[in-house]
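**Q** Got a structure here, written out as structure tokens. Questions coming.
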Amino acid sequence: MAKCRIDADNRLTERLAGLRAAVADGGATLETLRPALADPNYRLVAAAAGYAGDGLLYPLEPDLIAAFRRLANGPHTQDPQCTAKGAIARALVALDCANVEFFLAGIRLRQLEPAWGGSQDTALDCRVTCAMGLAATAYARALPELTRLLADPEPRVRAGVMDAIACCEPLAAESVLRTKAQSGDPEPEVTGACLLALLRLDAAPCAAFVGTFLDRGDPTLRELAALALGESRLPEALTELRTRWDAEPYKGASVQVLLKGAALHRSEAAFDWLLSLVADGEHRIAERVLRDLTAYRGNERLRQRLSAALAARQDADLIALLARVWPAGPE
């Protein structure tokens, strides 16, 4: 039995290598990939789907959909972890597939597999990918269908669908995302994804809305809002962060999350503000900024500006900290 399994694994390895070699020699071709997509082995199907998406082989769309349906209708053992179905969904999104029926089926897909203490759903990424695909179609009811996933039992799906919702009609999408943000979620990561998706819509009003979460009593929500504003890199987002900072006389830990958001912003205006705090701010604030900015160790110009600010400040402890956490590059 063990020998048969080893022989089967060896044959599969050879077939996968053969497929890679064929693609490398002549590029991904219809003649090469069609048989692989129809193969019963999920790893071969997944590899072929990846090549089809990377090569933008639009004629393979029906073959990809047929392979997905075949695997979706079979037991989980035919495609453990939804490996092939996930690859197919990603390929169809890359191919700008407009098959609404396929994506509607995809956002409803569940695949329960045995796990320690019970079972787990392995179709999470499939649902999120199909949500993005559905949002990209011209389907008039895409948004109502996507809102179903806001009640998905899996936090990763609830978080992942936010970007798909943001791709729908802007005003309607904004209304849905604002409602979800205000109603909250048991998992903070979902609210954070919702706030970030909002900032991809109408910049000024959405930045102001997300900014209101900086005033919440929950420190986790405040941090999520600060990070979302920073990651957005919108000028209006930086204004929200700086306005809260300037309005707070005591710069405690709850306010210092604003600096983390500013560091994520990565704009010249954000760096100018942070450098001014290094030059003239309280020692503990300057130390916090230095540590936050070490994420940009590859930015030698920023390090030089920090070094100049500290030299003018003449603070030996901070100069030593900079040398320790951000050593100067080779001359």
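The values are calculated or read from the model by the stated rules, or taken from the named source; none is laboratory data. The model shown is predicted, which means the values in this text are computed figures rather than measured ones. Neighbour counts are summed over all protein chains in view; Cβ atoms, including those assigned to glycine, are modelled from backbone coordinates with ideal geometry. Accessible surface areas use protein heavy atoms only, side chains included; no ligands, DNA or RNA. Shrake-Rupley method; radii C 1.70, N 1.55, O 1.52, S 1.80 Å.
**Q** Just grab the label-to-label distance for Arg284 and Asp163, each label 7 Å out from Cα along the Cβ direction, in nm (one decimal).
**A** For Arg284 paired with Asp163, the spin-label model returns 3.8 nm.
**Q** Sticking with this one: Per-residue ellipticity at 222 nm for the chain, helices alone: DSSP H runs ≥ 4 residues times -39500 (n - 2.57), over residue total, nearest 500 deg cm²/dmol?
**A** Values: 19 runs with 230 residues, N = 331.
Dividing the helical sum by the residues of the chain leaves -21500 deg cm²/dmol.
**Q** OK, next. Need the full-extension length gain, Gln81 to Leu30, defined as separation in residues times 0.36 nm minus the C-alpha distance. One decimal, nm. Before the final figure, lay out the partial values.
**A** Working: separation 51, 0.36 × 51 = 18.36 nm, distance 2.65 nm.
Contour length minus Cα-Cα distance gives 15.7 nm.
**Q** Tell me the label-point distance for the pair Tyr250, Ser276, using the 7 Å Cα-to-Cβ offset, in nm and rounded to one decimal.
**A** 2.5 nm
**Q** Output the relative contact order of the chain, whole-number percent, from Cα pairs under 8 angstrom with separation of 6+ residues.
**A** Numbers: 415 pairs, mean separation 25.1, N = 331.
Relative contact order here is 8 percent.
**Q** Within 10 Å, count the other beta carbons around each residue, average over each peptide in 160-166, 228-234, 143-149, and list them highest first. Provide the component values of the computation, followed by the final result.
**A** Working: 160-166: 23.7, 228-234: 22.1, 143-149: 17.9.
For the peptides 160-166, 228-234, 143-149, the packing ranking is 160-166, 228-234, 143-149.
**Q** Would you please give the residues with an amide H less than 5 Å from that of Gln120, counting only those at least 5 places away or on a separate chain, with H modeled from the backbone geometry?
**A** Glu113, Ala115
**Q** Sorted by packing (mean other beta-carbon atoms within 10 Å per residue), highest first, where do 184-190, 303-309, 257-263 land?
**A** Values: 184-190: 15.0, 303-309: 17.9, 257-263: 23.9.
Packing order, densest peptide first, comes out as 257-263, 303-309, 184-190.
**Q** So, one more: Return the loop-located chymotrypsin sites (Phe, Trp or Tyr not before Pro) in region 236-279 (DSSP other than H, G, I, E, B) with at most 10 other Cβ atoms within 10 Å of their own Cβ; answer none if there are none.
**A** Values: sites: Trp245, Tyr250, Phe271, Trp273; in loops: Tyr250.
Of the chymotrypsin sites (Phe, Trp or Tyr not before Pro), the ones in loops of region 236-279 whose Cβ has at most 10 other Cβ atoms within 10 Å are Tyr250.
**Q** Return the sequence-ordered ³J(HN,Hα) values of region 125-137 in whole Hz as given by the Karplus equation 6.51 cos²θ - 1.76 cosθ + 1.60 applied to θ = phi - 60°, using x for Gly and Pro.
**A** Rounded to whole hertz, the list is 5, 4, 5, 5, 4, 5, 5, 5, x, 5, 4, 7, 7.
**Q** When the chain is treated as a GNM, springs tying every alpha-carbon pair under 10 Å, which of Val210, Val93, Val23 comes out with the largest mean-square fluctuation?
**A** Val23
**Q** Sequence gap at least 6, Cα distance under 8 Å: using those rules, report the relative contact order of region 172-331 to the nearest whole percent. Intermediate values should be presented prior to the final figure.
**A** On the way: 174 pairs, mean separation 23.0, N = 160.
This gives 14 percent for region 172-331.
**Q** I would also like to ask the following. Which ³J(HN,Hα) values in Hz, rounded to whole numbers, follow from the phi angles of region 217-231 under the Karplus curve 6.51 cos²θ - 1.76 cosθ + 1.60, where θ = phi - 60° and Gly and Pro get x?
**A** x, 7, x, 5, 5, 4, 5, 4, 5, 5, 5, 5, 4, x, 5
**Q** Follow-up question, since we're still on this one. Apply the Karplus parameterisation 6.51 cos²θ - 1.76 cosθ + 1.60, with θ equal to phi minus 60°, to every residue of region 306-319 and state each ³J(HN,Hα) to the nearest whole Hz, in sequence, with x for glycine and proline.
**A** Karplus values, whole Hz, x for Gly and Pro: 5, 4, 5, 5, 6, 4, 5, 6, 6, 10, 4, 5, 6, 4.
**Q** Just the number, please: carbon plus sulfur as a percent of the accessible area of the chain, 1.4 Å probe, no ligands or DNA/RNA counted.
**A** Reported share for carbon and sulfur atoms: 55 percent.
**Q** Using percent of Cα pairs over 26 Å apart as the read-out, say which of (1) 61; (2) 51; (3) 46 was calculated from these coordinates.
**A** The calculated read-out lines up with (1).
**Q** When the dipole is taken about the Cα centre of the chain, and only Lys, Arg (+1) and Asp, Glu (-1) are charged at their Cβ, what size is it in debye, to the nearest 20?
**A** Values: 38 positive and 43 negative charges, 98 e Å.
Dipole size: approximately 460 debye.
**Q** Something else: Taking the alpha-carbon distance from Lys85 and a cut-off under 12 Å, which aspartates and glutamates remain once sequence neighbours fewer than 8 residues away in the same chain are dropped?
**A** Candidates past the 8-residue exclusion: Asp125.
**Q** Also, quick follow-up: Per-residue counts of other Cβ atoms within 10 Å, averaged by peptide: what ranking do you get for 57-69, 104-116, highest first?
**A** Details: 57-69: 18.8, 104-116: 15.5.
Descending packing order for the listed peptides: 57-69, 104-116.
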